[in-house]
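Here's the structure we're looking at; comments come further down.
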């Protein structure tokens, strides 16, 4: 079913949304109608109630068709929604999850700041207590779904502590007074997915919109990113698989020699090994077992694979593939983002090494 | 191996470096965004003698040395890969005339190129004939003292802006690659048609044209070498021009690295510059080492071109292969070093990464370079 939508609705739009830098409304609507926006949300809240393995597969299928659409749905489904699933109280779940599951609300995740990227715990956005609520001030940057999201999960500092323990998580509706979209970036790829600044100026947020306890925000962010990395792995696999398939088709049509044959063999082998790693992480997650290291390994390996494989496919396609509008050059531009976001691959290595060396 | 550049070469390089920093670097982002050929920079290069570098003094130029050409391309590519093609393609168009032209042809055809009054282009590839150049379909039929050319040429860098076009065409279609001849078309007397311009992943300021030749008349005096010598000329030209693509790749990588190196020293995370982390330091060390190795190979190849060394074909292919693969890896890593900022067009490294890719593809894909190298090894 996902493949049908991906190939039937999403894929035909991919070149156009890339060229025109436009949001793939039709693709996201189709995803919503088929229930993709609520894959991980339990049935009682209107979702499909599926697990991380199903989620990874869905994102992979979407990314095979259009990487922009995949990241829009991925961010919504994982880091945009999971913090509520994992840390929300009953009232919060009942209020927000049905709207997120139906796609009526698009979710987003606002952690990064201009001076706080890999060092997320150093964020400066403040949430000052004010009666029965908070007042948020600060600027978030590199926010996927900017301007399109109806609900942002925002991380801000509530305590005097300037480290991780002073951070809390909030649900901030896009329509709240003082919420503004800043610069929207012109990027190398993923042009159908808007990325930009979220500016918060004296935004009043009721205490009922705080996720988890005060000071628990960093834990919320890290846990959300762990499963977010499974989604990004799926996205990487989809892009990589598309590159392999398109290179294969091209070689069949025009003939091939052993040099390119070997490249294709290496590409397919890399993708296959990356897929197994991603599914392993997703399976562990779905079983409630520790999966931090595996999720980081999957994100690192899948995204490095996507970069390598898309470059190889473009090399096989040659100058025809470098023409704007060719899927080969688009895959390369799209793939690069994946080595950077949801924890750069340097951060993944830090996480993996820490997990390996601890205790 | 240590490369001793002459005082004159260093003076030329320093002049170019200064011009590029003052006049080209500030235009690079805009050239990429608009995708427009920078006529102003062509003029700047012409006025400052840079377009005369590929030509010896006897033919109105200032050098003719491949080493000097590579130094120039490298300097320009550090700031703007599109602009570096203005010199690189001038050299590519010059080589067939210098390699195969008669004294009369050199004296007549070179000076307007050396002065920069005209820019050159080189038309070998066709829609059905890329890596397999011998499969070309363009025909040249002799009628008296002229040839009439018909055919379509594909991916012709500067085909739309050039005043002089070196074209390869079949004079004897039954003779396969031994039936190919080379011609010099001058736009005023042998006009060609630009069918379309490509939109590309990178080098967007360097127009890539599809050219159509419909009954284009070329005087027989503009045939380079004998009939049937075209394929040999094409290969000899590519031997000489490949170090230039290596130099372009080298410059792109150096430009990206200079920017990223500065960035990691400035960017603070975890209370310290990210350059203080060993994971970043190792990336810097690997990048710098790859650049250094490529520089030596590129200038060794250029030196061999200048000395007409017997193994220049192999070394030129190695230089192009190694430097362009290096540039792709290095620019990809430089985007990584800037993180999210690397991915947006407010910063130059994403452009450099997009520009790097073509160096692995044009003037013989890197698959073809490997074929050339293997053939030389197994001969």
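Assorted remarks:
- Within the stretch A:177-203, the set of residues being more than 14 Å from chain B (Cβ to nearest Cβ), surrounded by fewer than 17 Cβ atoms within 10 Å (Cβ to Cβ) and either under 24 Å from residue A:73 (Cβ atoms) or at pLDDT below 95 (or both) comprises A:181 only.
- Of the numbered criteria (1) more than 14 Å from chain B (Cβ to nearest Cβ); (2) touching a residue at least 60 places away in the same chain (Cβ under 8 Å), the one residue A:284 fails is (2).
- Residue within the stretch A:226-234 that is away from chain B (no Cβ under 13 Å) and out of contact with any helix residue (DSSP H, G or I) (no Cβ under 7 Å at 6 or more places or on another chain) present: yes
- Filtered residues of the stretch A:343-354 (kept if at the interface with chain B (Cβ under 8 Å from one of its Cβ atoms) and part of a helix (DSSP H, G or I)): A:345, A:346, A:349, A:350
- Counting the residues of the stretch B:167-224 that are part of a loop (DSSP other than H, G, I, E, B), modelled with pLDDT under 95 and farther than 22 Å from residue B:132 by Cβ gives 1.
- Taking the listed residues B:53, B:31, the one that is closer than 20 Å to residue B:5 by Cα and modelled with pLDDT of 95 or more is B:53, with no other qualifying.
- Some residue of the stretch B:225-247 being in contact with a helix residue (DSSP H, G or I) (Cβ under 6 Å, 6 or more places away or on another chain), within 14 Å of chain A (Cβ to nearest Cβ) and part of a loop (DSSP other than H, G, I, E, B): no
- Verdict on residue A:118 being in contact with a strand residue (DSSP E or B) (Cβ under 8 Å, 6 or more places away or on another chain) and over 23 Å from residue A:178 (Cβ atoms): yes
- Residue list for the stretch B:331-343, filter: touching a residue at least 12 places away in the same chain (Cβ under 8 Å) and either in contact with a strand residue (DSSP E or B) (Cβ under 8 Å, 6 or more places away or on another chain) or away from every other protein chain (no Cβ under 13 Å) (or both): none
- Exactly one residue out of A:265, A:247 is in contact with a helix residue (DSSP H, G or I) (Cβ under 6 Å, 6 or more places away or on another chain) and either within 14 Å of another protein chain (Cβ to nearest Cβ) or surrounded by fewer than 23 Cβ atoms within 10 Å (Cβ to Cβ) (or both): that is A:247.
- Residues of the stretch A:320-342 include at least one that is facing chain B (nearest Cβ under 10 Å), free of Cβ contacts under 8 Å to residues at least 40 places away in the same chain, part of a helix (DSSP H, G or I) and surrounded by fewer than 21 Cβ atoms within 10 Å (Cβ to Cβ).
- Residue list for the stretch B:149-193, filter: farther than 20 Å from residue B:101 by Cα, away from chain A (no Cβ under 14 Å) and either touching a residue at least 60 places away in the same chain (Cβ under 8 Å) or in contact with a helix residue (DSSP H, G or I) (Cβ under 9 Å, 6 or more places away or on another chain) (or both): B:150, B:151, B:152, B:158, B:160, B:161, B:172, B:173, B:176
- Residues in the stretch A:118-161 that are in contact with a helix residue (DSSP H, G or I) (Cβ under 7 Å, 6 or more places away or on another chain) and within 13 Å of chain B (Cβ to nearest Cβ): A:118, A:120, A:121, A:142, A:144.
- In the set A:308, A:294, only one residue is surrounded by fewer than 23 Cβ atoms within 10 Å (Cβ to Cβ) and within 21 Å of the chain's Cα centre (by Cα); that residue is A:308.
- Just one of (1) surrounded by 23 or more Cβ atoms within 10 Å (Cβ to Cβ); (2) touching a strand residue (DSSP E or B) at 6+ places or on another chain (Cβ under 6 Å) fails for residue B:193. It is (1).
- Residues in the stretch B:344-371 that are within 23 Å of residue A:186 (Cβ to Cβ) and at the interface with chain A (Cβ under 9 Å from one of its Cβ atoms): B:344, B:345, B:346, B:350, B:351, B:353, B:354, B:357, B:358.
The values are calculated or read from the model by the stated rules, or taken from the named source; none is laboratory data. Keep in mind that what you see is a predicted model, and the values were worked out from it rather than measured. Counting neighbours? That spans all protein chains shown, and the Cβs are built from the backbone with ideal geometry, glycine included.
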